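Just so it is clear, none of the values below were taken in a lab; they were calculated from the coordinates. Just so you know, these numbers come straight off a predicted model, no measurement behind them. Neighbour counts are summed over all protein chains in view; Cβ atoms, including those assigned to glycine, are modelled from backbone coordinates with ideal geometry.
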Amino acid sequence: MPGKWGKGPRQPVLGTPHDDLDPYLPDHGNLGFRISRYDLELEYKVSPNRLAGVATLTATSYVQLQRFTLDLASPMAVAKVTVNDKRARHSHRNRKLTITPESPIPPGGAMTIVVRYAGSPRPIRGPWGDVGWEELSEGSLCANQPNGAASWFPCDDHPSAKAPYRIAITTDSPYYALANGVLESKRSRAAQTTWVYQQIEPMPTYLASVQIGPYKRKALASKPVPVQAIFPARLSRNFDIDFGRQMEMIDVFVEMFGPYPFHSYSVVVTDDELDIPIEAQSLSTFGANHCDGTRHSERLIAHELAHQWFGNSVTLARWRDIWLHEGFACYAEWLWSQRSGGPSAAEWARHYYDKLAANPVRAVLSDPGPRKMFDDWVYKRGALTLHALRLTIGDGNFFALLHRWTDKYRYGSVTTEDFIALAANYSSQSLGPLWEAWLFTAKLPAFPGPS
């Protein structure tokens with residue numbers, strides 16, 4: 001029955017279709033309420049990797065809550081929890097912080113939840129590797145996707161649970177600290193500096209980020225949006241080469257996808273090498289190996305920038321629809337290649353189609369399964385799906401559809417069905433066979449275009 005708890009804290013049955021656990025990550029996300037704002041006061045000591053935090057979460061209940069849970073990794077020890085200024089009982093195990101308010105929260109009740117915690121953060125290990133807060137040689141970064149946010153703050157770790165953030169970071173003064181959004185203030189006291197950032201556009205937990213290191217800042221542009229770079233001084237010359245077309249890339253994507261969705265964009269380059277760049281809302285993080293003066297990583301620069309539209313502003317409501325992020329960002333790589341004088345999108349489509357055909361995958365794009373959702377074939381088949389759609393409806397309709405997609409669902413949560421429904425408005429013929437072949441059938445369809 002609605003509002004009744006089952007045998008454990010993860011089993012309520014609730015009366016809202018948006019309050020559900022994701023089957024790809026059933027141990028993450030929490031039921032019975034929705035957080036409308038995060039206010040994080042963080043203090044980080046770099047050398048001992050010690051994080052202390054006070055998280056203030058503003059939330060509203062959907063049903064009467066005798067108790068509720070938040071996601072928080074075990075290395076973070078909780079000292080105190082209050083709900084609406086009253087001390088609340090809590091227990092913390094298996095990455096779940098279970099909170100029992102002094103009085104039950106009625107349906108529609110407002111909650112201010114304050115959690116004081118501290119510990120030595122470390123990544124969460126899972127099928128996709130280690131994700132979350134990670135130490136660098138000098139500093140730290142956050143790579144949360146898909147379930148690493150709980151490694152450094154208590155949260156409702158579900159992709160559709162989006163909210164604005166205020167993130168204040170106090171750390172040793174020699175270091176630069178960056179978080180999502182706009183720098184609101186910076187103040188130094190003794191040997192420490194506090195940086196305060198506001199991310200006013202709603203953001204899912206996996207895109208929240210803190211970057212700390214011995215970096216310099218370089219302003220790249222003020223229009224169409226402020227763009228800055230944060231990187232080690234030793235990489236200055238390489239940065240100018242590898243990221244030299246960053247602003248041209250933004251202009252091209254604004255033309256193709258619609259207005260840039262956030263107030264600013266930041267590029268971070270760490271002093272360490274990274275296996276892959278890291279996506280976050282309003283910023284992207286690259287390793288020193290992506291900044292070597294050869295421009296060999298320019299496709300990755302395009303990919304991460306495209307995520308600001310496809311993934312960060314327009315965000316999947318469930319992880320099975322990851323192609324809505326990665327397929328779109330991959331296709332943006334091909335579009336940028338063509339616009340910047342490289343191989344055309346059609347040439348890249350042919351190239352990667354042949355690679356997929358040589359190594360067939362027995363899974364459907366619309367539901368690849370949790371272990372395969374970040375496999376490269378999802379990215380490439382997703383991009384090929386968009387290429388097939390573009391050839392079917394024509395360039396004018398295709399780019400009009402992308403503009404409408406990013407506008408209609410700006411800061412929202414979406415599903416594959418949402419995209420299918422919207423695309424139908426831009427085609428004079430049924431797109432059902434295309435979707436069936438590319439999204440819902442494991443077998444690779446025929447190449448979309450001249451062979």
Inset, instruction - Taking only the C-alpha atoms, wrap a convex hull around the range 255-352 and report its volume per residue in Å³ as a whole number. - result: 119
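Based on the inverse mean of 1/r over its pairs of different Cα atoms, what is the Kirkwood hydrodynamic radius of the range 298-417, in Å?
On the way: mean 1/r = 0.0687 Å⁻¹.
Evaluated on the range 298-417, it is 14.6 Å.
Using the Cα centre of the chain as the reference point, and only Cβ charges (+1 on K/R, -1 on D/E), how large is the resulting charge dipole? Debye, rounded to the nearest 20.
Values: 47 positive and 45 negative charges, 235 e Å.
With Lys and Arg at +1 and Asp and Glu at -1, about 1120 debye.
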Inset, instruction - In Å and from the alpha-carbon atoms only, list the Rg and Dmax of the range 178-323. - result: 15.1, 48
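Taking every pair of Cα atoms in the range 216-300, average 1/r, invert it to obtain the Kirkwood radius, and report Rg/Rh to two decimals.
Values: Rg = 12.4 Å, Rh = 13.1 Å.
Checking Rg against Rh, the ratio lands at 0.94.
For the range 33-306, rounded, prolate or oblate, judged on the Cα gyration tensor with a ≥ b ≥ c (square roots of eigenvalues), a/c < 1.5 rounded, else prolate if a/b > b/c? Please report the intermediate quantities before stating the final value.
Details: a/c = 2.03, a/b = 1.67, b/c = 1.22.
Since a/c reaches 1.5 and a/b is larger than b/c, the shape of the range 33-306 is classed as prolate.
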Legend entry - Farthest positive-ward along the range 77-164 dipole, Cα basis, beta-carbon charges - from ALA161, HIS90, GLY139: HIS90
Legend entry - Per-peptide average of other Cβ atoms within 10 Å, ordering 214-225, 57-68, 402-413 highest first: 57-68, 402-413, 214-225
Inset, instruction - Could you run the Debye sum over the Cα atoms of the range 89-237, one equal point scatterer each and no solvent, and tell me log10 of I(q)/I(0) at q = 0.10, 0.11, 0.15 Å⁻¹, two decimals? - result: -0.44, -0.53, -0.95
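First check a/c for the range 146-216, with a ≥ b ≥ c the square roots of the eigenvalues of its C-alpha gyration tensor; if it is under 1.5, answer rounded, and if not, answer prolate when a/b is larger than b/c or oblate otherwise.
On the way: a/c = 2.56, a/b = 1.90, b/c = 1.35.
Since a/c reaches 1.5 and a/b is larger than b/c, the shape of the range 146-216 is classed as prolate.
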Inset, instruction - Taking amide H positions as placed in the peptide plane 1.01 Å from N, state which residues far from VAL269 in sequence (5 or more) or on other chains have amide H under 5 Å from it. - result: ILE230, PHE231, PHE286
Legend entry - Point-to-point label distance, ASP275-ALA358, nm (Cα→Cβ direction, 7 Å offset): 2.3
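When ARG362, ARG390, ARG166 are ordered from fewest to most other Cβ atoms inside 10 Å of their Cβ, what list results?
ARG362, ARG166, ARG390
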Inset, instruction - Fewest Cβ neighbours within 10 Å first, please rank GLU347, GLU279 accordingly. - result: GLU347, GLU279
